[in-house]
Amino acid sequence: MRNDLKARRQALKQRLRELSAVLAGEPEAAPEPSLAAHAAEAEIASIHAALGRMDRGEYGCCASCGEEIEDARLDRLPFTAHCGSCAAQLR
Ligand SMILES: [Zn+2]
């Protein structure tokens, strides 16, 4: 479980680097940020939040119901703060 968390943290940091590269590729003089930049910024914020939950030992627990988030879901969305059923209700 510990190793798992380490691997997930590393994956999140890797993803942050990729997203930073997306943002760095944006032309600075663009009148408004592209959809890709918006999406990248939103994901960066989610990843930072997820890293913060890791530091507090809350990572992997649903922010709504407190249940453990399904592994398969964390594989797909490593920065998610909600379990599948809560996310479905939030949608
Ligand atoms: Zn939940």
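The values are calculated or read from the model by the stated rules, or taken from the named source; none is laboratory data. What you see is a predicted model; the values in this text were computed from it and never measured. As a convention, Cβ positions derive from the backbone with ideal geometry for all residues, glycine included, and neighbour counts pool all protein chains shown.
Answer with yes or no whether CYS86 is touching a His at 6+ places or on another chain (Cβ under 8 Å), within 16 Å of the ligand (Cβ to nearest atom) and at pLDDT 95 or above.
Working: touching a His at 6+ places or on another chain (Cβ under 8 Å): no; within 16 Å of the ligand (Cβ to nearest atom): yes; at pLDDT 95 or above: yes.
No; evaluated as a whole, the condition is false for this residue.
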Could you check, for the stretch 29-51, whether at least one of its residues is surrounded by 14 or more Cβ atoms within 10 Å (Cβ to Cβ), touching a residue at least 12 places away in the same chain (Cβ under 8 Å) and of a type in the set (S, T, N, Q)? yes
Take the residues of the stretch 50-74 that are aliphatic (A, V, I, L, M) and within 13 Å of the chain's Cα centre (by Cα): which is nearest to the ligand (Cβ to nearest atom)? LEU74
Only one of (1) modelled with pLDDT of 95 or more; (2) under 16 Å from the mean Cα position of the chain (by Cα); (3) in a helix (DSSP H, G or I) does not apply to ALA37, and that is (1)
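Looking at the stretch 45-68, is at least one residue outside any helix (DSSP H, G or I) and within 18 Å of ARG15 (Cβ to Cβ)?
As a first pass, look at the stretch 45-68 and keep what is outside any helix (DSSP H, G or I): 57-68.
Still in the running and within 18 Å of ARG15 (Cβ to Cβ): 59-60.
Within the stretch 45-68, one or more residues are outside any helix (DSSP H, G or I) and within 18 Å of ARG15 (Cβ to Cβ).
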